[in-house]
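Notes follow the structure.
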Amino acid sequence: MEFPDDFRNKKYGKGSLLIANPVLPDPNFSRTVILLCNHDEQGSFGLVINRTTELKAPDLFSNIDILNAYNEKIYLGGPVSQSMVFFLCRSSHGINELNEVCPGVYLGSSLETLEAFYPDIENPEQNIRFYLGYSGWSGGQLAGEMEQNSWLIQNADEQFVFRDSASMIWPEVVNSLGEKYQYLIKAPVNPQWN
């Protein structure tokens, strides 16, 4: 599926959203949006922000007292190392212990660190998301997928990352690209269904 001409010159890196082409053949990434958390010559690391699991926080964190009241769903960050837990935290105040991925959104993986600043987070149910696993690419791999038009690119925004409805993130991010990308929303997952 071809994209408009201006797509070819789009830059991406830490703080970008990777928006799956609707005909991307890998079912792990069908209609996903990935927050790119790190990108350099060694490779790339990101979290799928629009796939939830059947799990809720108490299923994973029953032994962490500070999270007893946190009863939100757990997201699937990607197909790699799904036993690892990452979290994204939204805060208008800097969180020195965490890595800022885009303005106001911080990445962490240490639950001990989370316990230290959790009491200072306003409305944790709305401002913290937990992810199992991650999405990763070796050096040059993501560039190759970009050449194949596997992904569209948009700047990350905390409103997309913390959208209430995970199922609405992909179409809303596609819409944010502008009118000439609207056709992608109605594109079939399998082009043979056309």
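Where a number appears in this text, it was derived from the coordinates with a stated rule and is not lab data. Model, not experiment: these values are computed from the prediction. Using ideal geometry, Cβ is built from the backbone for each residue, glycine included, and neighbour counts are taken over all protein chains shown.
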Provide the descending list of Cα extents for the chain along its principal axes, expressed in whole angstroms.
-> 51, 34, 29
Across 151, 170, 137, the residue with the highest GNM fluctuation in the chain (Cα network, 10 Å cutoff) is 137
Classified through the alpha carbon gyration tensor (a ≥ b ≥ c as square roots of its eigenvalues; rounded if a/c is under 1.5, else prolate when a/b is larger than b/c, else oblate), segment 125-194 comes out oblate
Set 10/56; 10/186; 73/180; 56/180; 14/73 screened for pairs whose C-alpha atoms are more than 31 Å apart | 10/56; 73/180; 56/180
As a check on your grasp of the helix formula, calculate [θ] at 222 nm for the chain: sum -39500 (n - 2.57) over DSSP H runs of n ≥ 4, divide by the residue count, round to the nearest 500.
-> -4000 deg cm²/dmol
Efficiency of FRET from Cβ geometry, residue 70 and residue 11, R₀ 41 Å, rounded to 0.05 | 0.70
Points 7 angstrom from Cα along the Cβ direction at residue 183 and residue 30: gap in nanometres?
-> 2.3 nm
With θ set to phi - 60° and the Karplus curve 6.51 cos²θ - 1.76 cosθ + 1.60, what are the ³J(HN,Hα) couplings of segment 36-43 in order, to the nearest whole Hz, using x for Gly and Pro?
-> 6, 8, 7, 7, 8, 5, 6, x
Longest exposed-site-free window of the chain, the sites being GluC sites (Glu not before Pro) in a DSSP loop that have at most 16 other C-beta atoms within 10 Å | 123-194
Provide the net charge surrounding residue 32, with neighbours chosen by a C-beta distance below 11 Å and charges set as Lys +1, Arg +1, Asp -1, Glu -1.
-> +1
What does the charge count near residue 61 come to, summing +1 for each Lys or Arg and -1 for each Asp or Glu among other residues with Cβ under 12 Å from its Cβ?
-> -3
Summed side-chain charge close to residue 72 - residues other than residue 72 whose Cβ falls under 12 Å, Lys, Arg +1, Asp, Glu -1 = 0
When the chain is treated as a GNM, springs tying every alpha-carbon pair under 10 Å, which of 68, 149, 21 comes out with the largest mean-square fluctuation?
-> 68
Segment 78-123: proportion of alpha-carbon pairs further apart than 14 angstrom, % | 48 percent
